[in-house]
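See below for the structure under consideration.
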Amino acid sequence: WKAPRVNEFVWYVEKGILRMDRVKDGKVEPFHAFYKLGSKRGDGWTEPGMDGGNMDGAHLGLESVDLPAGRFTDALHIRMLHRPKKGDRSVVCDFHLVPDVGIVRMEADRGGGDHEVFELKEFKKGG
């Protein structure tokens, strides 16, 4: 058994972009330029991303998604393309973000068969 690697991230808005960035050695490093506030279907943005590369984001509109946690009819679909600075492969990530819930689904394709899907299993609304 090997202990899991633990990463620390911070969420914040900068220049109208919702970012999820990594904290490493006490410094915030670009990771994901997640969502451009106020964007509409078809809008895109490019911001600094992980490992010195760029992150291209695209607003793909609202969709319905069926997950173990239930059906969400107002899921914002965001696609991100990480373009590395050096020879690494590009990574495509699709996120579904639901108001008052958060990220309900994430799919990452790193190429070469390296593919992951994360789905919300359960959700209980606080009150």
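The values are calculated or read from the model by the stated rules, or taken from the named source; none is laboratory data. No experiment lies behind these values; they were computed from the predicted model shown. All Cβ positions, even for glycine, are placed from backbone atoms using ideal geometry, and neighbour counts span all protein chains on display. For the accessible areas, the whole protein counts, side chains as well, though only heavy atoms, and no ligand, DNA or RNA atoms are used. Shrake-Rupley method; radii C 1.70, N 1.55, O 1.52, S 1.80 Å.
Results, tabulated for the structure shown:
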{"item": "Rg and Dmax [Cα atoms of the chain; Å; Rg one decimal, Dmax integer]", "result": "15.3, 48"}
{"item": "Two-site label geometry, E122 and K24: point separation in nm, points 7 Å out along Cα→Cβ", "result": "3.5 nm"}
{"item": "Accessible area of T46 in the full protein assembly, 1.4 Å probe (Å², nearest 10)", "result": "80 Å²"}
{"item": "E8, E29, reordered so the largest accessible area comes first (probe 1.4 Å)", "result": "E8, E29"}
{"item": "Neighbour cut-off at most 10 other Cβ (10 Å), DSSP loop, trypsin sites (Lys or Arg not before Pro), the stretch 49-90", "result": "K86"}
{"item": "Among W11, M50, V23 - extreme Cα towards positive end, dipole of the chain, charges at beta-carbon", "result": "V23"}
{"item": "Mean Cα-pair separation over length for the chain, i.e. relative contact order, pairs under 8 Å, 6 or more apart, %", "result": "14 percent"}
{"item": "Filter on K2/K85; K85/K121; K24/K86 - keep pairs with C-alpha separation over 29 Å", "result": "K2/K85; K85/K121"}
{"item": "With all protein chains modelled, accessible area of L60 [1.4 Å, Å²]", "result": "50 Å²"}
{"item": "Formal net charge of residues neighbouring V10 (Cβ-Cβ distance under 13 Å; K, R +1; D, E -1)", "result": "0"}
{"item": "Potential lengthening between V10 and S64 on full extension [0.36 nm per residue; Cα-Cα distance subtracted]", "result": "16.7 nm"}
{"item": "D100 accessible area, 1.4 Å probe, all protein chains in place, Å² to nearest 10", "result": "130 Å²"}
{"item": "Which of S39, S90 is most accessible, then next, and so on - probe 1.4 Å", "result": "S90, S39"}
